Amino acid sequence: MTTLTHRFVQTNGIRMHIAEQGAGPLVILCHGFPECWYSWRHQLSALAAAGFHAVAPDQRGFGQTDCPEPISAYEMFQLCGDIVGLVQALGETRAIVVGHDFGSPVAYRCALLRPDMFHAVALLSVPFLQRSWQDIQPTKLMRLLAGEQIFYQEYFQTPGIADAELNADPRKTLLMMLYALSGDPPAEKRARPFLTRSEGFLDTLSLPDTLPPWLSEQDLDVFAHEFERTGFSGGLNWYRNIDRAWECTPFLAGATLPQPTLFIGGERDSVVAIFGAAINAMETTVPRLYRKVLLPGAGHWLHQERPAEVNALLIEFLASLR
């Protein structure tokens, strides 16, 4: 399979769209919010050329994959079940799982819950977050940290509010998110994680004067076409299950991630700043940590902003598994 192809598979009760390229050991690429398979466009061809079967799904609620209506359909066990079912639908029993943004918790929870299937992990932007018995409900923690303000994930919790704001002009929403969370804007134009009580989410972002060099009009067209058709509610429903994931996983308290693991972050990524303590702890929480790399000048979308560097790190890691 030397060219990029698309097809649909049945997994965990939904119809999932995948993009795939190459032949060899299976590598599943899990995107984040607000993205789709296309965010891995640079990695698919590079991994295929390196001798791997690279598969990037549109995850549940995104792109051409089914978007169930109930919020409860997006809880973490279902998201992990989709990836387990995808591996089986591809006729495989083992895979390496790679995740970016919200795809990272999906990736490492797949590894924790099915170590027989997922034998190596790569995490981009969001590190492994070890569960503790002392953890409090995530939305309560958000409110404690925010004080008089509102953490953006707390703003996403109420159905309809963020949906309407983001859906009003999907292309503008995507441009603002892709730019303001990247490593390109000056400090005063970078995304803010906290909103004032009078602000909406988009008030924390900014528009570029010109597109950053890693994002073309054609790239933006692909993302905008998908979200103009689907809206943002499917992806927002992932955030609306954060408390549910916490309630259902106390048995993971103290668990370490046992698989060989690569972490890559962007030096200018606000998410990396938020999870700095967890990144610093990875030598302890991830006993077989392969490498931990922060790319200078890169922001949140590092696999799109710095594809050559990310590809080289991924291929080096995957080669080490052989």
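Tabulated data for the structure shown
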{"read-out": "Tabulated pairs, region 180-199, first within 23 Å of residue 307 (Cα to Cα) and free of Cβ contacts under 8 Å to residues at least 40 places away in the same chain, second in a loop (DSSP other than H, G, I, E, B) and of a type in the set (Lys, Arg), C-beta under 8 angstrom, 6+ apart or interchain", "value": "180/190"}
{"read-out": "From the options 149, 134, residue that is under 24 Å from residue 280 (Cα atoms), surrounded by fewer than 20 Cβ atoms within 10 Å (Cβ to Cβ) and not aliphatic (A, V, I, L, M)", "value": "134"}
{"read-out": "Subset of region 64-110 (residues that are under 24 Å from residue 231 (Cβ atoms) and small (Gly, Ala, Ser))", "value": "72, 73, 81, 99, 103, 104"}
{"read-out": "Residue in region 276-284 that is at pLDDT 95 or above, in a loop (DSSP other than H, G, I, E, B), open to solvent by 20 Å² or more (accessible area, probe 1.4 Å) and in contact with a strand residue (DSSP E or B) (Cβ under 9 Å, 6 or more places away or on another chain) present", "value": "no"}
{"read-out": "Odd one out for residue 236 among (1) in contact (Cβ under 8 Å) with a residue 60 or more places away in the chain; (2) closer than 22 Å to residue 185 by Cβ", "value": "(2)"}
{"read-out": "Only listed residue being farther than 30 Å from residue 130 by Cα, touching a residue at least 24 places away in the same chain (Cβ under 8 Å), touching a His at 6+ places or on another chain (Cβ under 6 Å) and not polar (S, T, N, Q), chosen from 22, 32, 103, 51", "value": "22"}
{"read-out": "Spans of helices (runs of 4 or more DSSP H) in region 178-255 with at least 2 residues open to solvent by less than 20 Å² (accessible area, probe 1.4 Å)", "value": "217-230, 233-239"}
{"read-out": "Extreme residue, farthest from residue 282 (Cα to Cα), among residues of region 112-131 that are open to solvent by less than 10 Å² (accessible area, probe 1.4 Å) and more than 15 Å from the chain's Cα centre (by Cα)", "value": "117"}
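A quick yes/no check of all residues on (1) over 19 Å from the mean Cα position of the chain (by Cα); (2) open to solvent by 20 Å² or more (accessible area, probe 1.4 Å):
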| position | (1), (2) |
| --- | --- |
| 4 | yes, yes |
| 34 | no, no |
| 52 | yes, no |
| 57 | no, no |
| 66 | no, yes |
| 74 | no, no |
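The values are calculated or read from the model by the stated rules, or taken from the named source; none is laboratory data. These numbers come from a predicted model, not from an experiment. Every residue, glycine among them, receives a Cβ derived from its backbone with ideal geometry; neighbour counts consider all protein chains shown. The area values use the complete protein model at the heavy-atom level, side chains included, leaving out ligands, DNA and RNA. Shrake-Rupley method; radii C 1.70, N 1.55, O 1.52, S 1.80 Å.
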